[in-house]
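Input: a single structure, listed below in structure tokens.
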Amino acid sequence: MTAPSGPALAGLRVVDLSSGIAGAYCTKLLVDAGADVLIVESTRGHPLRARGGSGALFGFLHTGKRSVIAEPGGTALADPVARLVAGADVVVLDAAPPDRTAASLALAHPELIVVSLSPFGLQGPWSERVASDLTLQALCSSIAGRGERHGSPVSAGGELIEWASGAAAAVATLVALRRRDRTGLGELIDLAALEVAITIFNGFRAVSGQLVPAGPPPYQVVEVPSIEPAQDGWIGFATLSADQFAGFAAMIERPEWAEDPEISRIDVRIDRAAEIRREIAAWTTRHTVEDIMDRAAARRVPSAPLGDGATTPRLAHLVERGAFVTHPGADYVQPRVPYRLGRTPQPPLRLPPLLGSDDAGALAATWGPRTSPGRSAGHGGPGDGEAGEGADADLPLRGIRVFDLTSFWAGPYASQILGFFGAEVLKVESIQRPDGTRMATSYGIRGDQVWERAPLFQAVNTGKRAVTLDLGDPRGQEVGRRLLARCDVLVENYSPRVVERFGLLDEDRPDLITLRMPAWGLSGPWRDRPGFAQTMEQAAGLASVTGFPDGPPLIPRGPCDPIGALHAAFAVLAAIRDRDRTGLGQLVEVPLVESALNVAAEQFVEYGASGTLLGRHGNAHPLAAPHGVYRTSGDAWVAIAVMDDDQWARLTEAVGRDEWRHDAALATSEGRVAARERLDAGLAQWCATRSPEAVVEALWPIGVPAAPLVAPHEVVSLPQTESRGFFETVTHPVIGALRVPAFPARLSSRTLPYHQGHAPLLGQDNQALLGGWLGLDDTELAALEHDGVIGTRPL
């Protein structure tokens, strides 16, 4: 038996030149997997050191890293940083044009992996434009799609675009590392925050707009049911399927709703929200949160308590699982690493660095020059095949075969990411229970074979092969085991009680990587409860920071699914790297809730360190003003965010408010925040007589972040995404041409599109895989189809 290896990224040297959450979280994921990460700071320190007054967020993001000081005015190409870069494997930096440092580093160091983080990417008509979290949310349709139907639209709290950008950058880094291990060549990774925003907030909605004609605005949505008042607080629900809504209706003693052709529809419930929510509240307010959750669990209805910075770490389920750990050297807790590797060791948490705790020159001498990684074919497995240099450049995961036993969004997107980079993905469904998105996201769609037209399914299952197998039938289980024997990775995201009945997890395969993505984890009192992104957002506190201060909490509406998928992809890529060295697979556990806890970490560490409970601010920002969403002429909306003094000066000139420019009380961010209401009123008056296009044209070109509230169906035609080719066209045999979002980073070596085919038809490869691969003859296949073990139409 091979001895346990070291951490998956042991020996990897990373220089972090970034200044925000995205770069810090990218390198946190790397250091938590064993990399040696060095942050480069000015004499003033990393900007996050002063955030919140406590520095708790800096501490969370930078545990285990080193710190050196580079004098102001230095660049990544000047000593002593240049010598550190010469010995590094990866460099992470903020590099929005006209800054060309990223491209210069990649050119000067062909074996270096350079990760560039910018709002819009390194090319395109918007590449040199400024942006903020608020304006990126406006452009990706996040704001336009959230809020009461006839109220004000509202942004999602928690700066999730930053966190998701870090996770996506970490995924791309491991993909580039596998390519470098095989070819000896580095990579320039060009990550665009706008594309990340579309991935987590819009995703399939842009696809939906191509399949169902968009109605008139407003487009704001609050799901029904969602977060409802209980006797002792708030309780969250997610009823995405007909079965789940029927269980909910029966629970609140309104079983007739499940049979009502109107109320049983998600879209109708949204339109009649005020009426239906009154009926829901009449029941929920008579019961405690704990009682409602127990009743919901008995009926398989996803539910969660509403958490926040103070209460979430005390939830019994998370306490029993050890989901929070003590911050090194402090007396408060933080979320642990969001995945568990069954065999590969993960480094212990270490103290975050003091400013300049390491000497740059001495460290550069210790590191020495970068050692060429040479070429390695990796360790072979069941799906391994030969790959030439061209194929390796575009498809570093070529030779990896994935048994995809997933449903809805998080699991399918995780396996799709592996497919983007060359893995062959076999999607396994059944005609009894196809992927839940085939029906749950098909409202309003007309035509035959509705299950082949569902927008979310089309968005996150491209390029996969597909079979149907009734894994509740012994014959289906036997065929499933034979297919699995040909695969390197098993991915599943069911609740444990479901998947453990299928008999596939018992296979004795020391080289198999098994990625499990249950909502609440494999242990703890909630392990068998269902959960979706919405319930994770409720429990993890993200809903507590979304919404207006005087209104109810709102869910961000789904980003925890793709965020969970990015973390799962990172974890399985780490396991693949380990298998390349050792030949051994392992169990990889990535609970959806723990990814959500990590991207909500600021709430927990800030409360623990300072007692500050982060709350809802609507579209405002606690440290900047003016910052909000303003109504324009034509009953439209625009987002404007003034983040610093320079932008404030430009704004005052553009809107013709000399009295603002000369008011000493407004010269600082603190003064402007204190005068927020007055500034918002004045800016709203200015916007009201102008179109959103006129407002944006007056502000954005002069360096003030501004953006119209883009509707979900309009995202596909943004000039920047068009220029970068972010939406790629696939041709589906039922739907026809469809534009689908790609991975939110461009890799310099890549020449192929990310989408290598359309989303599969139900059971489309039964003959090719069960007959061709496994040798089942026509008589055997016909018998299986007759008995419903396989098929191509849902029951």
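Among the residues of region 271-307, write down those that are part of a loop (DSSP other than H, G, I, E, B), open to solvent by 30 Å² or more (accessible area, probe 1.4 Å) and at pLDDT 95 or above.
Listed by number, the residues that qualify are Thr285, Arg286, Thr288, Arg299, Arg300, Leu306.
Exactly one of these conditions fails for Ile555: (1) part of a loop (DSSP other than H, G, I, E, B); (2) surrounded by fewer than 24 Cβ atoms within 10 Å (Cβ to Cβ); (3) not basic (Lys, Arg). Give me its number.
(2)
I'm trying to understand the selection: among the residues of region 247-269, which are crowded, with 17+ Cβ neighbours inside 10 Å and either part of a helix (DSSP H, G or I) or β-branched (Val, Ile, Thr) (or both)?
Within region 247-269, Gly247, Phe248, Ala249, Met251, Ile252, Trp257, Ile263, Ile266, Arg269 meet the criteria.
With respect to the numbered conditions (1) over 21 Å from Gly772 (Cα atoms); (2) free of Cβ contacts under 8 Å to residues at least 40 places away in the same chain; (3) open to solvent by 10 Å² or more (accessible area, probe 1.4 Å), which one is the sole condition not fulfilled by Arg453?
Only one criterion is unmet by Arg453, namely (2).
One line per residue, one yes/no per condition, for (1) at pLDDT below 95; (2) not in a helix (DSSP H, G or I):
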site	(1), (2)
Trp126	no, yes
Ala144	no, yes
Ala167	no, no
Arg182	yes, no
Ala197	no, no
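Quick check on region 624-670: of everything there that is touching a helix residue (DSSP H, G or I) at 6+ places or on another chain (Cβ under 8 Å), of a type in the set (D, E, K, R) and assigned to a helix (DSSP H, G or I), which residue is surrounded by the fewest Cβ atoms within 10 Å (Cβ to Cβ)?
Once the filter is applied, the top-ranked residue is Asp658.
In region 707-742, what count of residues is obtained for those that are at pLDDT 95 or above, of a type outside the set (A, V, I, L, M) and surrounded by 23 or more Cβ atoms within 10 Å (Cβ to Cβ)?
Here the count works out to 4.
Here is a check on your reading of the model: is His713 out of contact with any strand residue (DSSP E or B) (no Cβ under 8 Å at 6 or more places or on another chain), touching a residue at least 12 places away in the same chain (Cβ under 8 Å) and farther than 30 Å from Asp473 by Cα? If you could, list the steps in order and put the result at the bottom.
Details: out of contact with any strand residue (DSSP E or B) (no Cβ under 8 Å at 6 or more places or on another chain): yes; touching a residue at least 12 places away in the same chain (Cβ under 8 Å): yes; farther than 30 Å from Asp473 by Cα: yes.
Against the criterion (out of contact with any strand residue (DSSP E or B) (no Cβ under 8 Å at 6 or more places or on another chain), touching a residue at least 12 places away in the same chain (Cβ under 8 Å) and farther than 30 Å from Asp473 by Cα), His713 qualifies.
Please state which one of Gly158, Gly233, Gly184, Gly203 is over 16 Å from Ala533 (Cα atoms), out of contact with any Lys or Arg (no Cβ under 7 Å at 6 or more places or on another chain) and among the small types (Gly, Ala, Ser).
Exactly one of Gly158, Gly233, Gly184, Gly203 is over 16 Å from Ala533 (Cα atoms), out of contact with any Lys or Arg (no Cβ under 7 Å at 6 or more places or on another chain) and among the small types (Gly, Ala, Ser), namely Gly233.
Does region 90-103 contain any residue that is open to solvent by less than 10 Å² (accessible area, probe 1.4 Å), assigned to a loop (DSSP other than H, G, I, E, B) and either modelled with pLDDT of 95 or more or in contact with a Cys (Cβ under 6 Å, 6 or more places away or on another chain) (or both)?
Within region 90-103 (the criterion being open to solvent by less than 10 Å² (accessible area, probe 1.4 Å), assigned to a loop (DSSP other than H, G, I, E, B) and either modelled with pLDDT of 95 or more or in contact with a Cys (Cβ under 6 Å, 6 or more places away or on another chain) (or both)), the answer is no, since none of the residues qualifies.
Would it be correct to say that Ala193 is without any contact (Cβ under 8 Å) to a residue 24 or more places away in the chain and of a type in the set (Gly, Ala, Ser)?
No, not satisfied.
Consider Arg497 carefully, then state whether it is among the basic types (Lys, Arg) and within 20 Å of Gln244 (Cα to Cα).
Working: among the basic types (Lys, Arg): yes; within 20 Å of Gln244 (Cα to Cα): yes.
Judged against the criteria, Arg497 is a match.
If I ask for residues that are under 30 Å from Ser116 (Cβ atoms), out of contact with any Leu (no Cβ under 8 Å at 6 or more places or on another chain) and part of a loop (DSSP other than H, G, I, E, B), which ones from region 731-779 would you list?
Passing the criteria: Ala742, Phe743, Arg750, Thr751, Pro753, Tyr754, His755, Gln756, Gly757.
Where residues in region 586-602 are open to solvent by 10 Å² or more (accessible area, probe 1.4 Å) and outside any helix (DSSP H, G or I), which of them is nearest to Met517 (Cα to Cα)?
Only one residue tops the list, namely Glu589.
Using beta carbons and a limit of 6 Å, which pairs, at least six apart or on different chains, have the first residue in region 398-418 and farther than 12 Å from Asn461 by Cβ and the second one open to solvent by 10 Å² or more (accessible area, probe 1.4 Å) and among the polar types (S, T, N, Q)?
Qualifying pairs under 6 Å: Ala410/Asn493.
Residues to consider are Ala423, Ala362; find the one that is surrounded by fewer than 16 Cβ atoms within 10 Å (Cβ to Cβ) and either modelled with pLDDT of 95 or more or not basic (Lys, Arg) (or both).
Matching residue, one of Ala423, Ala362: Ala362.
Quick check on my filter: what residues within region 17-54 are within 19 Å of Phe604 (Cβ to Cβ) and either in contact (Cβ under 8 Å) with a residue 24 or more places away in the chain or open to solvent by less than 10 Å² (accessible area, probe 1.4 Å) (or both)?
Ile21, Ala24, Tyr25, Lys28, Leu29, Asp32, Leu48, Arg49, Gly52, Gly53, Ser54
The values are calculated or read from the model by the stated rules, or taken from the named source; none is laboratory data. Keep in mind that what you see is a predicted model, and the values were worked out from it rather than measured. Because the Cβ atoms are built from the backbone with ideal geometry, glycine has one as well, and the counts that use them run over all protein chains shown. The area values use the complete protein model at the heavy-atom level, side chains included, leaving out ligands, DNA and RNA. Shrake-Rupley method; radii C 1.70, N 1.55, O 1.52, S 1.80 Å.
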